[in-house]
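The values are calculated or read from the model by the stated rules, or taken from the named source; none is laboratory data. The structure displayed is predicted, hence computed values, not measured ones. Here the Cβ positions follow ideal geometry from the backbone for every residue, glycine too, while neighbour counts run over all protein chains shown.
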C-alpha cells in the first residue's frame, strides 16, 4: 500500500527536527557540565544565576585575557569607539577609571558554525526549490543544516534564559499540531486563496525589511517585541497555508513521491524554525 505525501513529509520533517533538538540539548548539557566543572565550551565560560522561578539560568561570557598587553575600548557613540592597549595592571586600572572596558572576542567556533549553517541553508533552499531534486543529495544538505543549527539554537537560548527557550519549544509544538490539524482538514482552503497568499507574502517582506533595518537604526525593545509577536502570528499562518498546500498536492498522483516530500518537509521546517525564533525574540529581554 502506497504511503501518503503527508506521511512521507512528516517522516523527513520529524527526523530533521529531531536532529536539531538532539544537537541543541547536547550543547546545553555540555554548557551545564562546563559550568559545573569551571571549564569552557567553544571558548566561552558560564556563570550561574537563578531566575524568578528559582531555576538555574546559565549566562555565557568570555573570560578577560590574562596576559599583557590587554586590549581595551571606550564607546563614544554608536559609530565611534576608542581603542587602547594596557601593558600592565596600573594602566588597566587607569583606563577603567577613564571609562574603558576590556575587549573580548566572541566564540570563533560559533561564528564559523553560523557561516556553515547559512551556507547549508542556502544550498538546501536552492536545491529543493530550483534544481531537479536528487533525494539523497537533498537529504544530506538538509541534515548538515539541521546538525549545525542545533548548537546555534542552544546558544540563542543561553543568551536569554534557556528555561524560557524550553517554554518556547512547547508553544511551537502546540501551534504546529493545531495548524497541522486545521490546515490539513476540510475547514478552509487556505492554499486556494490568492488574497491570503498575497497577504502572507507582503507581511513577510515587511518583516524582513524591519529586521534588516534593526542592523542600522536603534529601535525600542517594545517595538521589536511587538514585531516579534506579529512574526510569530505570521509564521503560524504560513504553517496553516503550507499544511493545506500539502493536502492539495496529495490529490495529485504525480506529487506523491519522496522528492516532493523533501521539498514540503523543508518548507514546513523553515516555518517552524522561524516561528521558534520569533517567539524567542518576543520572550527575550
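Within the stretch 47-58, the set of residues being in contact (Cβ under 8 Å) with a residue 60 or more places away in the chain and under 24 Å from residue 113 (Cβ atoms) comprises 57, 58. When residue 202 is tested against (1) modelled with pLDDT under 95; (2) exposed (fewer than 14 other Cβ atoms within 10 Å of the Cβ), just one condition goes unmet, and that condition is (1). Of everything listed in (1) over 16 Å from residue 269 (Cα atoms); (2) part of a helix (DSSP H, G or I); (3) touching a residue at least 60 places away in the same chain (Cβ under 8 Å), the single unmet condition for residue 22 is (1).
For the structure I just gave you, tell me whether residue 136 is under 27 Å from residue 16 (Cβ atoms), in contact with a strand residue (DSSP E or B) (Cβ under 9 Å, 6 or more places away or on another chain) and at pLDDT below 95.
No; evaluated as a whole, the condition is false for this residue.
A quick yes/no check of all residues on (1) within 21 Å of residue 153 (Cβ to Cβ); (2) at pLDDT below 85; (3) assigned to a loop (DSSP other than H, G, I, E, B):
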residue	(1), (2), (3)
68	no, yes, yes
94	no, yes, no
104	no, yes, yes
110	yes, no, no
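Might you check whether a residue that is assigned by TED's automatic domain parsing to the domain that holds residue 138 and assigned to a helix (DSSP H, G or I) occurs anywhere in the stretch 35-48? Yes, the stretch 35-48 has at least one match.
Residues checked against (1) farther than 26 Å from residue 237 by Cβ; (2) assigned to a helix (DSSP H, G or I); (3) at pLDDT below 95:
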{"residue": "132", "(1), (2), (3)": "yes, no, yes"}
{"residue": "140", "(1), (2), (3)": "yes, yes, yes"}
{"residue": "147", "(1), (2), (3)": "yes, yes, no"}
{"residue": "156", "(1), (2), (3)": "no, yes, yes"}
{"residue": "163", "(1), (2), (3)": "yes, yes, yes"}
{"residue": "177", "(1), (2), (3)": "no, yes, yes"}
{"residue": "187", "(1), (2), (3)": "no, no, yes"}
{"residue": "208", "(1), (2), (3)": "no, yes, yes"}
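On the given criteria, is residue 189 over 24 Å from the mean Cα position of the chain (by Cα) and free of Cβ contacts under 8 Å to residues at least 60 places away in the same chain? Spelling it out, residue 189 is indeed over 24 Å from the mean Cα position of the chain (by Cα) and free of Cβ contacts under 8 Å to residues at least 60 places away in the same chain.
Given the condition touching a helix residue (DSSP H, G or I) at 6+ places or on another chain (Cβ under 8 Å) and over 30 Å from residue 50 (Cβ atoms), answer yes or no: does some residue in the stretch 166-173 qualify? Scanning the stretch 166-173, I find no residue that is touching a helix residue (DSSP H, G or I) at 6+ places or on another chain (Cβ under 8 Å) and over 30 Å from residue 50 (Cβ atoms), so the answer is no. A single member of 244, 274 is surrounded by 22 or more Cβ atoms within 10 Å (Cβ to Cβ) and outside any loop (DSSP other than H, G, I, E, B), and it is 244. What about residue 181, is it surrounded by 14 or more Cβ atoms within 10 Å (Cβ to Cβ), assigned by TED's automatic domain parsing to the domain that holds residue 125 and not in a loop (DSSP other than H, G, I, E, B)? Here the answer is no, as residue 181 does not meet what is asked.
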